[in-house]
Amino acid sequence: VGAQITPRASAALPGSIQRGFIEISGSPGVPAVNPRTETLYVPIQCPTSYCTTTSPSHVMDVINAATCNATDTSGCSVVARAKVGGDPLAAAIDEKTDTIYTANATGTISVVDGALCNAAVTSGCNTPLATIHTGGFPVDDVFNPRTRTLYVVSPAGDVFVINGARCNAVTTEGCGQPVKVVQDASGPQAVDVDLATDTVY
C-alpha cells in the first residue's frame with residue numbers, strides 16, 4: 001500500500017507548484033535527510049494509511065534526494081527499505097558517523113549504519129547495527145552533534161538522554177548501557193535543540 005509525501009495546502013505560497021510525490025510503504029513518521037549522502041529516510045509507522053496497534057511496521061524507506069527534490073523529480077521512488085524496530089515514528093541523523101536513529105513506539109531506538117544504507121549503497125539496510133532499549137513510548141528524537149547526544153521524547157513523561165559518542169555506526173559499545181531519563185510531566189511529543197545555547201526544547 002502506498003502513501004504520498006506532499007506539501008501541506010496551508011504552506012503553499014502564491015505561484016508555488018508541487019513538483020512531485022513519492023509513493024512510500026505506508027503511513028510516514030518524521031523524516032530526516034543526510035545532505036552528505038543525499039539520502040532521505042522516512043520511518044514507516046504501519047503499512048497502511050491508517051495505523052492500528054495490530055499493524056505496526058518495521059521499516060524505514062530510503063529515498064535518493066539527489067534525484068527527488070525541488071528541481072529534479074526523476075528519482076522520486078523508494079530505493080531500499082531499512083529494517084528497524086516496531087512502529088518507527090521519527091528519524092534523527094548523526095552526520096559525523098553517518099548514523100540514523102529511529103524512535104520506535106515499541107520502546108526502542110534502532111541504530112542504522114548510513115554508510116551501508118543510503119541512496120547509493122543498500123547492503124547494510126537488512127538489519128540495524130544495534131538496538132537501544134528505552135522503554136516508554138518514543139515518538140520523536142533529535143541529535144546534538146556538538147555534545148554527541150541523542151534526545152528522545154515520550155508522551156508518557158520521559159526525555160531519554162543517550163550518549164551518541166558510544167553508540168553509533170562506528171562503535172556500538174555503549175548501546176546496551178542504561179539510558180538516562182529526565183522526567184517531563186507535560187508529556188512531550190516533539191523535540192528540537194538549539195546548538196548555540198545547548199538548549200533542548
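How many times 2.2 N^0.38 Å is the alpha carbon radius of gyration of the range 139-196? Kindly include the intermediate steps, with their values, before the conclusion.
Numbers: Rg = 11.7 Å, N = 58, 2.2 N^0.38 = 10.3 Å.
Compactness ratio reported: 1.14.
If I take R0 = 41 Å and measure r between the Cβ atoms of residue 72 and residue 184 in this structure, what FRET efficiency does the formula 1/(1 + (r/R0)^6) give, to the nearest 0.05?
Working: r = 41 Å, r/R0 = 1.01.
Rounded to the nearest 0.05, the efficiency is 0.50.
So if each residue of separation counts as 0.36 nm, and I subtract the Cα-Cα distance between residue 146 and residue 133, what length gain in nm does that give?
2.3 nm
Work out the FRET efficiency for residue 106 and residue 163 from their Cβ-Cβ distance, taking R0 = 22 Å, and round it to the nearest 0.05.
Numbers: r = 22 Å, r/R0 = 0.98.
Calculated value: 0.55.
Could you pull out every residue, at least 5 positions away or on a different chain, whose amide H is within less than 5 Å of the one on residue 39? Hs are placed 1.01 Å off N in the peptide plane, and Pro or chain starts have none.
34, 65
With Rg and Dmax of the Cα atoms in Å as the read-out, I listed (1) 33.4, 121; (2) 14.7, 41; (3) 16.5, 52; which label goes with the value calculated from this structure?
Read-out taken from this structure: (3).
Readers should treat all values here as calculations from the given coordinates under stated rules, not as data from a laboratory. Since we're looking at a predicted model, the values are computed, not measured. Every residue, glycine among them, receives a Cβ derived from its backbone with ideal geometry; neighbour counts consider all protein chains shown.
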